[in-house]
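Taking it in order: structure first as structure tokens, then the write-up.
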Amino acid sequence: MMENMMEKIVSLAKRRGFIFPGSEIYGGLANSWDYGPLGVELKNNVKKLWWERFVHRRDDILGIDSSIIMNPKVWEASGHLKEFKDKLAECKNCKKRFKASDTRNDTCPACGHKSGFNMEVKDFNLMFQTHLGPVLDKKALVYLRPETAQAMFVDFKAILDSASVKIPFGIAQVGKAFRNEITPGNFIFRTREFEQMEIEYFIREKEWQKYFDYWQEEILKWIESVGINKKRVHLVEVKERERAHYSKRSVDFEYEFPFGQAELYGLAYRGDFDLKNHEKYSGTSLKYRDPDTGEEFLPHVIEPTWGVDRSVLAILLDSYEEESKGKEKRTVLRLLPQLAPYKAAVFPLLANKDKLIKLARKVYEDLRGNFFVAWDDRGNIGKRYFAQDEIGTPFCLTVDFESLENDEVTVRDRDSMGQERIKIEKLESFLHDKVYSKGR
Ligand code: GAP
């Protein structure tokens, strides 16, 4: 990876409207970030691709979209109230607090003093609290979910009762999760509000190893399919003492970020920990009844989990390139066309020729029915190409004087920079083939 890659990505993201610092005009808010007009497209495309791959194209996984605020008993049953804590380390000099695992020697990351840390400070529960309704007392205390997963267990019975499912099957959800991280940082890598894409895959206990291996492969296939460099991803077996309280086995998919190797995605075998506890705390049977044998049992669970924001970060890092040919330099985001915010950009060769503008506008508006397309009529064509390269637009379509005669436009390819003439009436099917046939 190039030097200063994080700085380059953060700067491009801000300059071109992918990701801005949150609440910036008020001085920001503790590493919060807002997705701008292009960032929201990229992020939505990641989620869309995931949903298509794991929900629409399979008949064994069903989607849900649950409330973020759930009955607080959920978090008692799930163990999060008791266990979802970080060990704190407090600098003996400046008194700043850090996640104990982030302090590897006696040097304070904030003040630089080598006076060491006080490890006796109380563990810190990462769940955000709020109150439901107008009275701020203990009875009204609720939590913002720290993982999307719990709704898949809590809604398990509703799914069994309403859909025809047979084990093995999964429930999937994409949505926000909240953690009061002690040390957020590294751009969108660790924030307090982030998005997850999670699947709880319900299986028979005896088959856990088989499905664990299966989901490990599925995560790797996803990584390749979205253009994340597989060579930068390392599978790390999580040691027992470092595993989440619910996990019997965990493998982290760590990615070589510019600031170090760190978790991109995770895979856990949660056993029957969650269903068993929800059964106990809710008093409701969550057993599955085999329709063929009549056998009743609590399914076990394999959980593959993906962070949306970390996906966006790894995709940006792996698609960013700076190229120079002779005097010309360009920055290009080699995004998979399906992920690119704009699928194409339409240019009239000159901005002051009515006939050109009229035809180019028609091309633009016709394509907009099916694709998200950009319009640009400023400056010279070379500059317009480079401006689109930098945001990953796979094709630029230029309407010129010849177009008025023969109904053809120049199609310029982002990656090869090659150009070809294509009939206007064929543009729609051309884009469709190029954008949707790759990467599936
Ligand atoms: N349901 C299991 C679970 O939540 P996790 O490893 O704690 O497991 C899953 O989180 C994924 O969510 C991580 O692999 C990561 O991609 C993402 N994630 C976790 N904490 C995050 C944070 N503070 N900021 C951004 N993404 C985060």
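The values are calculated or read from the model by the stated rules, or taken from the named source; none is laboratory data. Small disclaimer: the values here were computed from a predicted structure and weren't measured. Don't worry about glycine lacking a Cβ; one is built from the backbone with ideal geometry, like all the others, and counts go over all protein chains shown. Remember, those area values only see protein heavy atoms, side chains included, never the ligands or the DNA or RNA. Shrake-Rupley method; radii C 1.70, N 1.55, O 1.52, S 1.80 Å.
Here, segment 293-398 is characterised by an Rg to Rh ratio of 1.27, where Rg is the alpha-carbon radius of gyration and Rh the Kirkwood radius.
Computed from phi, the 3J(HN,Hα) profile of segment 326-339 under the Karplus parametrisation 6.51, -1.76, 1.60 (θ = phi - 60°) reads x, 7, 7, 10, 9, 10, 10, 9, 8, 6, 4, x, 5, 8 Hz, with x in place of Gly and Pro. Annotation: Cα Rg of segment 75-194 relative to the compact-globule expectation 2.2 N^0.38 Å equals 1.41. Quick check: at a probe of 1.4 Å, how many percent of the accessible area of segment 283-440 sits on carbon and sulfur atoms? Answer for segment 283-440 is 47 percent, counting heavy atoms of protein chains only.
Here is the list for segment 211-263: trypsin sites (Lys or Arg not before Pro) lying in DSSP coil, each with at most 13 other C-beta atoms within 10 angstrom of its C-beta, are 239. Think of the chain as a dipole: +1 on every Lys or Arg Cβ, -1 on every Asp or Glu Cβ, centred on the Cα centre; then among 238, 302, 31, 31 lies furthest on the positive end. Which pairs break 30 Å Cα to Cα here: 92/139; 239/280; 327/423; 8/343; 48/280? The pairs that break the limit, which is 30 Å between Cα atoms, are 92/139; 327/423; 48/280.
Given a Förster distance of 56 angstrom, what is the FRET efficiency for residue 137 paired with residue 430, based on the Cβ-Cβ distance and rounded to 0.05? The pair residue 137/residue 430 has a calculated efficiency of 0.35.
What trypsin sites (Lys or Arg not before Pro) in segment 311-382 are in a loop by DSSP, with at most 13 other Cβ atoms within 10 Å of the Cβ?
327, 378
Here the Kirkwood formula puts the hydrodynamic radius of segment 1-136 at 19.7 Å, using every distinct Cα pair.
Think of segment 1-110 as a dipole: +1 on every Lys or Arg Cβ, -1 on every Asp or Glu Cβ, centred on the Cα centre; then among 70, 105, 81, 105 lies furthest on the positive end. Semi-axes of the equivalent ellipsoid of the chain are 44, 29, 20 Å, computed as sqrt(5λ) over the eigenvalues of the C-alpha gyration tensor in descending order. Only Lys, Arg, Asp and Glu carry charge here, each on its Cβ (+1 for the first two, -1 for the last two); on that basis segment 342-436 has a dipole of about 240 debye about its Cα centre. Across the chain, Cα pairs under 8 Å and at least six residues apart give a relative contact order of 12 percent. For segment 37-94 versus segment 369-420, the inter-centroid distance based on Cα atoms is 39 Å. The equivalent ellipsoid that matches the C-alpha gyration tensor of segment 342-436 spans semi-axes of 18, 16, 12 angstrom, in descending order.
Dipole magnitude for segment 258-402: computed about the Cα centre from +1 point charges on Lys and Arg Cβ and -1 point charges on Asp and Glu Cβ, it is near 880 debye.
Skip the ligands, DNA and RNA, and give the accessible area per residue of the chain with a 1.4 Å probe, whole Å². It would help to have the intermediate numbers written out before the result.
Values: 21760 Å² over 440 residues.
Counting only protein heavy atoms, the per-residue value for the chain is 49 Å².
For the chain, 396 stand unpaired, since no other cysteine beta carbon lies under 4.7 Å from theirs. Using a simple spin-label model with pseudo-atoms 7 Å out from Cα toward Cβ, residue 217 and residue 58 lie 1.3 nm apart.
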